[in-house]
């Protein structure tokens with residue numbers, strides 16, 4: 001039996017290995033290594049990076065061949081409880097937080113983490129048991145491919161414009177994210193502060209909020225859930241968006257049967273993830289923060305909300321996103337903006353009426369200029385708000401280079 005795997009990245013190869021164990025003959029297809037394709041394979045597994053309108057996808061659709069995503073394939077073999085997490089921003093940190101807590105709290109079976117997190121679900125699907133819990137980060141690309149996959153609990157942290165180079169418009173992206181609700185059998189955890197999510201109605205919905213009352217909410221430096229009040233200064237992560245991530249995580253953990261205090265104790269040693277508001281170094285009272293994972297307007301806004309006096313380094317590949325909604329926060333928080341990459345001229349045209357804007361050709365020049373423009377008490381914040389592909393291989397490489405430049409400052 002032949003199966004075609006579209007895409008030879010991590011998820012494609014993991015799907016192939018899983019199917020080979022089951023006796024299928026695997027034929028890989030990649031745009032860079034085009035080869036012979038069978039007319040009528042048993043089915044096709046599409047990696048999330050392959051768009052729905054790809055020529056090979058259309059070819060097999062016309063022939064009536066079933067096309068499924070890697071997560072959908074793996075879901076056929078997953079046992080136990082599944083927690084699905086999505087959102088434009090914060091999904092990786094929230095996935096990691098929940099996993100970190102469950103590894104200590106769940107004594108009845110194994111705990112797995114994967115999906116968009118970087119570990120394909122196919123890699124561990126057959127290892128799961130009825131007593132397992134799988135915490136799965138899901139991108140919009142992965143969700144749009146779901147058919148029969150189900151989560152016991154799902155989280156949608158936020159939906160703000162992103163990936164508009166893949167979707168026709170924001171509505172297309174939004175619909176892909178919201179599709180996760182239909183694939184949830186239990187509670188759906190939503191952000192009450194998000195314009196798209198706040199007016200959704202469902203008997204199984206739970207809400208977290210930074211601005212108003214919800215099932216869990218923030219007010220005057222405290223998180224309240226039921227009779228519990230949590231001082232945010234005691235949390236392992238700081239920053240506006242991390243309070244949201246922790247509130248969402250608490251709701252998940254509570255639905256799994258654990259108390260707030262048990263979870264907070266379990267995550268007290270959680271260090272956060274690289275490239276997400278990561279403290280790098282302090283030089284002469286100036287703190288350098290690496291937020292290279294920031295690839296859209298919302299992530300940049302959340303980063304700025306986390307600090308008071310900022311010299312901002314931003315810019316990268318243009319994804320067709322409008323940054324003008326940030327003019328007020330830039331006016332209030334940013335003493336100087338240093339723009340790099342493909343979007344640098346756009347940043348200058350939008351923000352030069354509200355703060356000083358300087359364009360630099362390289363990240364190293366930007367970091368040196370930011371340091372020279374700072375004084376004790378300032379934050380040099382590297383939060384690009386754009387993808388990295390104009391200058392770097394990925395956001396990880398971009399962040400590592402930023403940190404290396406900072407470490408070399410004398």
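No value in this document is a laboratory result; all are computed from the given coordinates. Bear in mind the structure is a predicted one, so any value in this text is a computation, not a measurement. We place every Cβ from the backbone using ideal geometry, glycine too, and count neighbours over all the protein chains shown.
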Of all DSSP beta bridges in the chain, what percent run antiparallel (nearest 5)? 20 percent
If one compares the long axis through the Cα atoms of helix 10-21 with the longest principal axis of the Cα atoms of the chain, the angle in degrees, nearest 10, works out at 20 degrees
Do the sum for the chain: with -39,500 (n - 2.57) for every DSSP H run of n ≥ 4, divided by all residues, what is the mean residue ellipticity at 222 nm, to the nearest 500 deg cm²/dmol? -9000 deg cm²/dmol
Please identify which residues in the stretch 124-139 have an amide N closer than 20 Å to a label point set 7 Å out from the Cα of residue 76, following the Cα→Cβ vector. 124-130
So how tilted is helix 363-372 from the main axis of the chain? Cα-based, degrees 0 to 90, rounded to 10. 30 degrees
For residue 240 and residue 305 in the same chain, what is the full-extension length gain: residue separation times 0.36 nm, less their Cα-Cα distance, in nm? 22.8 nm
Using DSSP, restrict attention to beta bridges with both residues in the stretch 278-407 and report what percent are antiparallel, rounded to the nearest 5. 25 percent
Report, in degrees rounded to the nearest 10, the 0 to 90 angle that the Cα long axis of helix 170-182 makes with the longest principal axis of the chain. 60 degrees
The stretch 336-385 versus the stretch 6-56: alpha-carbon centroid distance in Å: 42 Å
Using a Debye calculation, one point per C-alpha and no hydration shell, please list log10 I(q)/I(0) for the chain at q = 0.07, 0.08, 0.09, 0.13 Å⁻¹ in order. -0.35, -0.46, -0.58, -1.16
Percent relative contact order for the stretch 30-129, counting Cα pairs under 8 Å at least six residues apart, stands at 27 percent
Pulled fully out, how much extra length does the chain show between residue 175 and residue 282, if you take 0.36 nm times their separation in residues and subtract their Cα-Cα distance? 34.3 nm
Linear extension gain, residue 322 paired with residue 372, 0.36 nm per residue minus alpha-carbon span: 15.1 nm
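Can you tell me the FRET efficiency between residue 200 and residue 232 if r is taken as the Cβ-Cβ distance and R0 is 30 Å, rounded to the nearest 0.05?
0.65
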